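All remarks here apply to the structure that follows.
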Amino acid sequence: DNVVEEMEFLKGTYGVDSIYFWDELQFVKKPWFEGLCRELIRRRLNLKWVFVTRATLVREKDISLLTLAREAGCIRIAVGIESGSELILEAMNKKTSVQEMADALRRVRKAGIKATGSMLLGMPGENLKTVQASIDFAHENLLQTSFYNLIPLPGAEVYDHYCKRNNLIPNEKEYMYTVSTHGGDASNIIINLTNMDDETYIRETARANQAVKSYGAADAIRYYGLVDGISCLAK
């Protein structure tokens, strides 16, 4: 009730017509999420809204709940993708497979909601093949996205157990000052932990971003399983 009342206040006071939820746990408690959707529908707020979720939380049985979310005004769901490489996902300890992420995107779209997700480059072990795997994943799943660069921060495993252990950040104060002067902008390369030299890392990030601005008709045909139908028509 409190959340919906705040949304109603924003709409009535400031003319807000859309809300972006940054709550990472919004889709964990499904009964709460369903209650939110039903209350939005009951009050007829007619607000558009977007939320983020983890791929493993979007299961086949949740499609009906996602359909309810669409009715309540949800127009887009951002799924945490990060990489299309199993090798990099394992390095991240993400506990999500490439297939699970593809399945989540399909389920969101099946409910009539736009599915998006961002990608990340820069984990230890990142190389030309893993970058290409992420580009291929985006094309195969009709994902127009952006690639960001890893910024290790204190508390993260890659910072505490990789950077510090390998003495890659000898002066933490100086490193954090560099991060802050860049405003935490993940489109900048703060530190290179990949198997690529700096020049290659920068070039590959630019190439990846250019490659995922769009996808081809052939990708869409394969995604929607129209290949066999088109082959029959051609014959």
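Go through the range 23-80 and report how many residues are among the β-branched types (Val, Ile, Thr), open to solvent by less than 70 Å² (accessible area, probe 1.4 Å) and in contact with a helix residue (DSSP H, G or I) (Cβ under 9 Å, 6 or more places away or on another chain). The number of residues fulfilling the criteria is 8. In the range 149-161, which residues are out of contact with any Pro (no Cβ under 6 Å at 6 or more places or on another chain) and free of Cβ contacts under 8 Å to residues at least 40 places away in the same chain? Listed by number, the residues that qualify are 153, 154, 155, 156, 160, 161. Let me spell it out: the conditions are (1) without any contact (Cβ under 8 Å) to a residue 24 or more places away in the chain; (2) under 14 Å from the mean Cα position of the chain (by Cα), and residue 61 meets all of them except one. Which number is the exception? The failed condition is (2). The set of residues in the range 202-215 being open to solvent by less than 40 Å² (accessible area, probe 1.4 Å) and more than 21 Å from the chain's Cα centre (by Cα) is empty.
Listed by first and then second residue, the pairs linking a residue in the range 90-107 that is in a loop (DSSP other than H, G, I, E, B) to a residue that is of a type outside the set (Val, Ile, Thr) and open to solvent by 30 Å² or more (accessible area, probe 1.4 Å), with Cβ atoms under 7 Å apart and 6 or more places separating them unless they lie on different chains, are 93/157; 94/82; 97/86.
Going through (1) open to solvent by 50 Å² or more (accessible area, probe 1.4 Å); (2) within 20 Å of residue 137 (Cα to Cα); (3) at pLDDT 95 or above one by one, residue 195 falls short only on (2). For the residues 200, 194, the requirement of being within 24 Å of residue 92 (Cβ to Cβ) and part of a helix (DSSP H, G or I) singles out 200. Could you list, in sequence order, the residues of the range 156-190 that are part of a helix (DSSP H, G or I), of a type outside the set (Ser, Thr, Tyr) and open to solvent by 30 Å² or more (accessible area, probe 1.4 Å)? If the condition is that a residue be part of a helix (DSSP H, G or I), of a type outside the set (Ser, Thr, Tyr) and open to solvent by 30 Å² or more (accessible area, probe 1.4 Å), then 157, 160, 161, 172, 173, 174, 176 are the ones that fit. The set of residues from the range 114-155 being open to solvent by 40 Å² or more (accessible area, probe 1.4 Å) and more than 14 Å from the chain's Cα centre (by Cα) comprises 127, 128, 129, 132, 136, 139, 140, 153, 154, 155.
The values are calculated or read from the model by the stated rules, or taken from the named source; none is laboratory data. The shown structure was predicted, so the numbers you read here are calculated from the model rather than taken from an experiment. Positions of Cβ are generated from backbone atoms using ideal geometry, with glycine treated the same way; all protein chains shown enter the neighbour counts. These accessible areas exclude ligands, DNA and RNA; they are computed on the full protein's heavy atoms, side chains included. Shrake-Rupley method; radii C 1.70, N 1.55, O 1.52, S 1.80 Å.
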